[in-house]
Amino acid sequence: MKPSLSEQTAAEQMIRSETFGLTTRAGWRDYIEITKPGINKSNLIATFAGYFVAAEMMELDFLKLFLTLLGTALTIAGSCVLNNFIDRDIDPLMERTKDRPVADGRIKPAIALRYGLTLALSGLMVLAAGVNYLTALIALSGLFVYIFIYTIWLKRSSTLNTVVGGMSGAVPPMVGWVAVTSSVDLNAWALFLVLFMWQPPHFFALAMRRSEDYRAAGIPMLPVVKGFHETKKQTLLFTALLLPSSLILFYTGALGQFYLAVALVLGGIYIALSIRGFFVKDDKQWANQMFFYSLIYLTAILLAMVADVLISDLIPAI
């Protein structure tokens, strides 16, 4: 009797798992890799920017800053490990993710689950005990959206996954601000809004670059379901919304003219690149350009926040 497709798949997975169990052991680099250090680094820069803008240079509490960054790093690391644990069934189907330690079998799922929970809970405890409860609550909300709303639910069911999931990626600068002020005010939301509007264009570009991977894994990313043209339209929408969103911090008085100038230039370039997408012949090349510019934009806008505070403290007349 010929085995069913599901039985064949199960058998293949068992053989694969047994093979890895006999021949491959996780190294310390694997345990670092599943925390997604690149993502963590960019989020910590955002957290630091939010903290620095709120505290200003002469009022920094370095112990609280350290605890804020440590708690945030542990929480994000734990979230990323849990993401690896949950996505272990679809990661092997994509070229970009097939070699991740959990998907590849180097780290057992049960170990990844305990590791992720330990990191995340440790981070939340650091924030609650060492910073303030509101900061821990905001970090917890980001973790909840990333794990339950994005990873478990929307990533596998809706093209809204990137937009709604972006809420979790917008939390870090708000964490930094609230760590200092112990309140969620307009400036905290303005910081959140900059990162929230930045997320869709960034991930739309990534999804276009890896559209075949996502199609193979059955993940309903926008370019896969609705095509590149619709993705370009939504990219333009969010880059257009990002520009005024980034200016709120100037109008609230949190940041000054240096930041305003940088935000206008960076936002203008982003919008121009988005419009250019409708006239290019090579969509993948344009997506590459958009993806890499999104990284430049994020780094530059966060550094501009910090630089503006330094400039205003060192040269009050500016």
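The values are calculated or read from the model by the stated rules, or taken from the named source; none is laboratory data. As the structure is a computational prediction, the values presented were derived from the model and not from experiment. Neighbour counts are summed over all protein chains in view; Cβ atoms, including those assigned to glycine, are modelled from backbone coordinates with ideal geometry. Just so you know, the surface numbers come from the protein's heavy atoms only, side chains and all, with ligands and any DNA or RNA stripped out. Shrake-Rupley method; radii C 1.70, N 1.55, O 1.52, S 1.80 Å.
Key figures
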quantity	calculated
Residues of region 112-147 satisfying the condition of being under 19 Å from the mean Cα position of the chain (by Cα), of a type in the set (Gly, Ala, Ser) and more than 30 Å from residue 204 (Cβ to Cβ)	136
So residue 135, is it surrounded by 23 or more Cβ atoms within 10 Å (Cβ to Cβ), out of contact with any Asp or Glu (no Cβ under 7 Å at 6 or more places or on another chain) and under 24 Å from residue 229 (Cα atoms)	no
In region 165-177, the residues that are part of a helix (DSSP H, G or I) and without any contact (Cβ under 8 Å) to a residue 60 or more places away in the chain	165, 166, 167, 171
Scope region 120-132; condition open to solvent by less than 30 Å² (accessible area, probe 1.4 Å) and within 19 Å of residue 32 (Cβ to Cβ); matching residues	120, 123
Test: residue in region 148-169 that is modelled with pLDDT of 95 or more and more than 20 Å from the chain's Cα centre (by Cα)	no
Any hit, region 95-111, residues being among the small types (Gly, Ala, Ser), buried (at least 17 other Cβ atoms within 10 Å of the Cβ) and part of a helix (DSSP H, G or I)	no
Lone qualifier among 313, 282 - being at pLDDT 95 or above, open to solvent by 10 Å² or more (accessible area, probe 1.4 Å) and acidic (Asp, Glu)	282
Inter-residue pairs, beta-carbon under 7 Å, first within 10 Å of residue 179 (Cα to Cα) and in region 125-144, second open to solvent by 20 Å² or more (accessible area, probe 1.4 Å) and of a type in the set (Gly, Ala, Ser), 6+ apart	132/182; 134/182; 136/128
Hits in region 203-247 - residues which are in contact (Cβ under 8 Å) with a residue 60 or more places away in the chain, open to solvent by 50 Å² or more (accessible area, probe 1.4 Å) and in a helix (DSSP H, G or I)	209, 216, 225, 226
Residue 304 being open to solvent by less than 50 Å² (accessible area, probe 1.4 Å), more than 19 Å from residue 237 (Cβ to Cβ) and among the aliphatic types (A, V, I, L, M)	yes
Out of 198, 189, sole residue that is modelled with pLDDT of 95 or more, surrounded by 20 or more Cβ atoms within 10 Å (Cβ to Cβ), within 18 Å of the chain's Cα centre (by Cα) and under 25 Å from residue 134 (Cα atoms)	198
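Here is a yes/no grid of residues against (1) part of a helix (DSSP H, G or I); (2) over 17 Å from the mean Cα position of the chain (by Cα); (3) modelled with pLDDT under 95:
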position	(1), (2), (3)
9	yes, yes, yes
22	yes, yes, yes
49	yes, no, no
52	yes, yes, no
71	yes, no, no
